[in-house]
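A.B. asks: I'd like to ask you about the structure that follows.
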Amino acid sequence: MVRAIQQRAVFLDRDGVINVDHGYVHHSDNFEFIDGIFEVARRAKIGSYKLVVVTNQSGIGRGYYSELQFHQLTTWMCKEFLNEGASIDKVYFSPFHPTQGLGKYKKDDISRKPQPGMILLAQRELDLDLGKSILIGDK
């Protein structure tokens, strides 16, 4: 049996990499793209990398905004990338916080960076070769 060639990815953090981190950004009105992010994304796509966003979103867990608001903003953000010629392949998020989360969101989940949960899930779902992939983060 021949195994398909695994894909490589550029993993992008959201706040501080894709957009200016104004603190718990959850609406397009205060979403300010980082200069050069679209060029980075286009070059990644030209190089046959998948574009994958991995983002901690403890603002959901803290009750500052809802998962619905996050998904609405994410849909808008992905359309902006598509309009700029660099479609995002998948967005993963972790709404949890180990001490400040409320209710079901108060836990130290493996999905929350710096733990590898979102990246490992992307590896399985998108058949990624992590050894040939890149992570761009701000912290």
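A.B. asks: Residues that are closer than 22 Å to Asn83 by Cβ, under 13 Å from the mean Cα position of the chain (by Cα) and outside any loop (DSSP other than H, G, I, E, B): does region 16-28 have at least one?
C.D. replies: yes
A.B. asks: Checking the structure you have, find out if any residue of region 6-13 is within 23 Å of Gln123 (Cα to Cα), modelled with pLDDT of 95 or more and open to solvent by 30 Å² or more (accessible area, probe 1.4 Å).
C.D. replies: Among the residues of region 6-13, at least one is within 23 Å of Gln123 (Cα to Cα), modelled with pLDDT of 95 or more and open to solvent by 30 Å² or more (accessible area, probe 1.4 Å), which makes the answer yes.
A.B. asks: Show the residue pairs that are 6+ apart or on different chains and have beta-carbon atoms under 8 Å apart, the first residue being within region 78-101 and under 19 Å from Leu68 (Cβ atoms), the second being surrounded by fewer than 17 Cβ atoms within 10 Å (Cβ to Cβ) and among the small types (Gly, Ala, Ser).
C.D. replies: Cys78/Ser87; Ser94/Gly117
A.B. asks: Which number in (1) without any contact (Cβ under 8 Å) to a residue 24 or more places away in the chain; (2) more than 21 Å from Gln7 (Cα to Cα); (3) within 17 Å of the chain's Cα centre (by Cα) marks the one condition that Asp138 misses?
C.D. replies: Answer for Asp138: the failing condition is (1).
A.B. asks: When region 32-49 is examined, which residues are found to be open to solvent by less than 50 Å² (accessible area, probe 1.4 Å) and either charged (D, E, K, R) or in a loop (DSSP other than H, G, I, E, B) (or both)?
C.D. replies: Pass one, region 32-49, residues open to solvent by less than 50 Å² (accessible area, probe 1.4 Å): 33, 36-38, 41, 44, 47, 49.
Those that are open to solvent by less than 50 Å² (accessible area, probe 1.4 Å) and either charged (D, E, K, R) or in a loop (DSSP other than H, G, I, E, B) (or both): Gly36, Gly47.
A.B. asks: Check whether at least one residue in region 52-75 is within 13 Å of the chain's Cα centre (by Cα), surrounded by 13 or more Cβ atoms within 10 Å (Cβ to Cβ) and part of a loop (DSSP other than H, G, I, E, B), and report yes or no.
C.D. replies: Among the residues of region 52-75, at least one is within 13 Å of the chain's Cα centre (by Cα), surrounded by 13 or more Cβ atoms within 10 Å (Cβ to Cβ) and part of a loop (DSSP other than H, G, I, E, B), which makes the answer yes.
A.B. asks: Within the set of pairs 6 or more residues apart or between chains, which connect a residue that is within 12 Å of Tyr92 (Cβ to Cβ) and small (Gly, Ala, Ser) inside region 117-135 to a residue that is open to solvent by 60 Å² or more (accessible area, probe 1.4 Å) and modelled with pLDDT of 95 or more with Cβ atoms less than 7 Å apart?
C.D. replies: Here the result reads Gly117/Ile110; Ala122/Lys90, each pair linking region 117-135 to a residue that is open to solvent by 60 Å² or more (accessible area, probe 1.4 Å) and modelled with pLDDT of 95 or more.
The values are calculated or read from the model by the stated rules, or taken from the named source; none is laboratory data. Note that the structure is predicted; figures quoted are calculated from it, not measured. Using ideal geometry, Cβ is built from the backbone for each residue, glycine included, and neighbour counts are taken over all protein chains shown. Areas reflect the complete protein model, heavy atoms only, side chains present, ligands, DNA and RNA absent. Shrake-Rupley method; radii C 1.70, N 1.55, O 1.52, S 1.80 Å.
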